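Note sheet for the following structure.
The values are calculated or read from the model by the stated rules, or taken from the named source; none is laboratory data. Since the structure is predicted, the reported quantities are computational estimates derived from the model, not experimental observations. Positions of Cβ are generated from backbone atoms using ideal geometry, with glycine treated the same way; all protein chains shown enter the neighbour counts. Surface accessibility is based on the protein's heavy atoms, side chains included, excluding ligands, DNA and RNA. Shrake-Rupley method; radii C 1.70, N 1.55, O 1.52, S 1.80 Å.
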Amino acid sequence: MNHTVDKVAGDFQRQALQLAGEQISAPWLDRLRFEGSEQWLAAAWPGRRTELWKYTPLQSLQRGNFSRWGAGQRCDLAGDALLSLDAIRLVFVNGEFDAEASACEAVEVVRFSQASAEQRAIIEAHLGKIVDTKRHLFASLSNAWVHDGVLVHVPRNVTLEKPVYLVHVSTPEAEAATVNQRALIVLEESASAELIEHFISDSQEQNGFVNTLTEISLGANAKLEHYRMNLEEEHLLHIGGVHAVLQRDARYHGFTLAEGSTLKRLDYQICHRGPGAHADLNGVYLPRNNQLLDYHTNVEHEAPHCTTSEVFRGIIADSARAVFNGRIHIHPHAQKTLAELSNRNLLTSDKAEVDTKPELEIYADDVRCAHGATVAQLDQTAMFYLRSRGLSETQARTMLSFGFVNELLQELPREEVREHLHRRLHLLFAREHFSA
Amino acid sequence: MLDIRNLNARVEGADILRNLSLSIKPGEVHAIMGPNGAGKSTLGNVLSGRPGYEVTSGEVSFRGKDLLAMEVEERAREGLFLAFQYPVEIPGVSNMEFLKAAVDARRKHLGLEEMSSFDFMKLARETSKRVNLDAGFLKRGVNEGFSGGEKKRNEIMQMMLLEPSLCILDETDSGLDIDALQVVAAGVNAMRDSERSFIVVTHYQRLLDFIVPDHVHVLAAGRIVKSGGKELALELEAKGYGWLEDEVA
Ligand SMILES: Nc1ncnc2c1ncn2[C@@H]1O[C@H](COP(=O)(O)OP(=O)(O)O)[C@@H](O)[C@H]1O
Ligand SMILES: [Mg+2]
């Protein structure tokens with residue numbers, strides 16, 4: 001790394017921290033903020049030789065001259081931009097809570113700033129404790145910056161009847177602004193809930209930087225259905241992380257879908273801490289134009305008898321680039337582990353690129369693991385079948401590409417999410433980027 | 001309707017069809033029988049333009065046009081339909097969306113307007129009933145997880161929706177029980193008229209009890225070795241194909 005880059009990175013680190021410092025927050029969060037600041041400043045800025053950031057340069061972030069977005073802002077989204085869903089809904093516009101657009105009359109869901117003493121205790125017990133800031137640089141920035149966020153706390157044996165729907169909108173008014181988003185999900189023993197995180201920008205011009213972090217603690221036998229949709233447009237920079245710890249027999253069902261933008265880096269870190277825990281995570285990514293989209297997933301099998309199933313599919317169009325890195329780490333005690341990871345990619349142009357790397361690290365002997373990563377081709381027999389029914393070659397390609405990702409969508413239990421994404425993908429695929 | 005003259009075709013470097021000639025008039029049903037590996041499926045694939053099936057010489061005219069000059073999809077839009085011996089599973093693509101795109105492509109070619117989703121849904125439901133397929137199959141992926149018989153009935157449903165001029169049924173009867181066979185036969189018979197022609201490829205006389213052909217041809221080693229009326233099928237049933245191969249050899 002040369003000095004200029006180093007200096008710019010240092011400037012960015014200091015600038016970000018200054019912005020974080022200007023943010024007003026409750027004193028009881030000070031400790032976390034202080035620790036975050038220390039770590040963020042002390043951290044080495046990632047370069048080409050930093051394994052976790054090897055394929056994802058951060059120049060676009062360093063070049064930005066970011067400011068903090070202050071004033072509350074309402075936005076008028078198109079009628080179909082959000083899910084029509086009976087849910088506990090919290091809408092944030094450029095990081096600020098929009099009370100009018102929200103509907104959150106549930107005792108289990110509260111913003112940090114409104115937390116009761118008991119809820120505060122839960123936040124203090126978990127916030128920043130689930131994520132590993134050594135491995136996740138931007139988590140320390142998130143800690144340094146934390147001012148508000150959403151707590152979902154479901155007590156023992158309680159099933160949250162309605163899904164929790166968190167909407168994050170970026171608008172062009174937040175020109176070059178930085179937004180920090182935080183969520184903490186704590187499900188006690190045998191509790192269950194559904195969480196839908198939906199990120200959108202209402203214009204292609206939005207060029208802010210959004211740093212999001214969702215921490216999840218699943219008690220014994222707890223169950224979470226988790227959807228996360230990154231649908232922000234062209235110029236937005238998004239660095240996001242989901243960090244979950246699963247106790248005995250807990251179940252995590254995750255689905256993530258991302259369209260590309262100038263920079264999107266999305267991390268999933270799942271830790272099986274108690275025996276019998278299960279996680280499945282399916283993902284779809286669709287970068288186009290000059291976009292960059294990077295998924296890093298890491299599953300730690302610390303306990304025996306746990307299962308993981310991970311399926312990611314991407315279609316990379318135009319001159320876009322995708323990165324998929326799926327690591328599964330099986331610790332010495334984690335006997336009887338079942339873990340599968342599959343990643344398949346379709347490239348629809350000669351200039352499209354994908355770097356895919358599944359990593360299995362196994363230190364236990366009695367385990368069953370499988371992983372595979374491929375750059376796939378459209379099935380020629382299927383192409384012929386569709387054309388033999390009168391579909392043009394382009395139509396057939398589009399239909400098959402759509403089917404390639406729709407296979408993962410059609411399994412989603414939440415119909416409103418499925419239908420919303422289905423419509424969105426139809427529009428996206430109609431633009432022809434994604435016909436291989 | 002269809003005029004094949006001295007057709008020679010090659011697959012993966014091997015000559016399969018040799019000097020095959022066949023003429024089909026509007027409204028006629030021709031059965032093609034013959035042993036495994038004779039080239040029956042190859043003929044259907046060549047006629048529908050499947051990539052990898054190379055015509056080395058010969059001519060085919062379809063409704064007065066040069067069939068071999070057309071792309072796969074043009075042939076379909078022009079009214080040629082092949083019911084696959086092995087229909088293809090396409091997970092993630094809904095049967096309904098696929099069928100609508102196919103019907104719209106054909107209608108557009110004929111100068112008709114696209115159907116509204118509502119009208120098409122209605123038509124598709126009615127048609128699925130005619131082939132005894134539950135309407136739930138329309139929502140599933142194309143042939144995804146269908147049984148052998150369900151796949152074949154889905155082929156017949158497509159044929160009914162597309163209303164082709166020439167239908168080639170490649171062993172649509174194989175793997176069907178007698179009930180499903182009758183559903184398929186009833187579907188074909190309902191579509192028979194003075195304009196529409198059929199090539200029915202089959203291994204067994206059984207199907208021809210239900211779909212009575214005007215002509216029967218025996219294909220062996222890539223050429224038609226014998227042609228006759230419907231009684232030829234019965235003769236083949238009794239004697240097998242061996243005597244014909246001996247005759248040719
Ligand atoms: N795609 C293919 N690749 C290689 N050989 C093929 C292919 N299709 C057909 N053949 C060969 O062509 C010959 C005729 O096959 P086919 O037309 O399927 O016969 P039939 O349908 O009469 O049983 C066989 O020898 C078969 O092995
Ligand atoms: Mg065959």
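Structure notes:
- Considering residues of segment A:135-154 that are touching a residue at least 40 places away in the same chain (Cβ under 8 Å) and part of a loop (DSSP other than H, G, I, E, B) only, the residue most open to solvent (accessible area, probe 1.4 Å): A:R135
- Among the residues of segment A:305-360, just one is at pLDDT below 95 and closer than 15 Å to A:C271 by Cβ, namely A:H333.
- Within segment B:171-193, considering residues that are within 16 Å of ligand 1 (Cβ to nearest atom) and open to solvent by less than 10 Å² (accessible area, probe 1.4 Å), the one farthest from A:S401 (Cα to Cα): B:D173
- Taking segment B:79-104 as the range and being within 19 Å of the chain's Cα centre (by Cα) and either open to solvent by less than 20 Å² (accessible area, probe 1.4 Å) or facing chain A (nearest Cβ under 7 Å) (or both) as the test, the residues that pass are B:G79, B:L80, B:F81, B:L82, B:A83, B:F84, B:P87, B:V88, B:F98, B:L99, B:A102, B:V103.
- Restricting segment B:28-52 to residues that are over 15 Å from the mean Cα position of the chain (by Cα) and at positive phi leaves a set whose member that is nearest to the other protein chains (Cβ to nearest Cβ) is B:G52.
- The requirement of being more than 7 Å from every other protein chain (Cβ to nearest Cβ), modelled with pLDDT of 95 or more and open to solvent by 60 Å² or more (accessible area, probe 1.4 Å) is satisfied by B:E71.
- Number of the exception - B:I211 against (1) open to solvent by 20 Å² or more (accessible area, probe 1.4 Å); (2) more than 14 Å from every other protein chain (Cβ to nearest Cβ): (1)
- Residue match in segment A:261-276 (condition: surrounded by fewer than 22 Cβ atoms within 10 Å (Cβ to Cβ) and acidic (D, E)): no
- If the condition is being within 15 Å of ligand 1 (Cβ to nearest atom) and surrounded by 22 or more Cβ atoms within 10 Å (Cβ to Cβ), then segment B:9-32 contributes B:A9, B:I16, B:L17, B:L20, B:A31, B:I32.
- Filter pass, B:F62 being open to solvent by less than 30 Å² (accessible area, probe 1.4 Å) and more than 10 Å from chain A (Cβ to nearest Cβ): yes
- Segment A:156-169, residues that are open to solvent by 10 Å² or more (accessible area, probe 1.4 Å) and in contact (Cβ under 8 Å) with a residue 12 or more places away in the chain: A:R156, A:N157, A:V158, A:T159, A:L160, A:K162, A:H168
- Of all positions in segment A:236-243, none carries a residue that is touching a strand residue (DSSP E or B) at 6+ places or on another chain (Cβ under 7 Å), modelled with pLDDT of 95 or more, of a type in the set (G, A, S) and not in a strand (DSSP E or B).
- Candidates B:E150, B:E113 - the one that is open to solvent by 40 Å² or more (accessible area, probe 1.4 Å) and more than 21 Å from B:D170 (Cβ to Cβ): B:E113
- Residues that are open to solvent by 10 Å² or more (accessible area, probe 1.4 Å) and either more than 6 Å from ligand 1 (Cβ to nearest atom) or not hydroxyl-bearing (S, T, Y) (or both), drawn from segment B:33-42: B:P35, B:N36, B:G37, B:K40
- Here A:E215 fulfils each of the conditions (1) open to solvent by 30 Å² or more (accessible area, probe 1.4 Å); (2) under 27 Å from A:Q62 (Cβ atoms); (3) among the acidic types (D, E) apart from (1).
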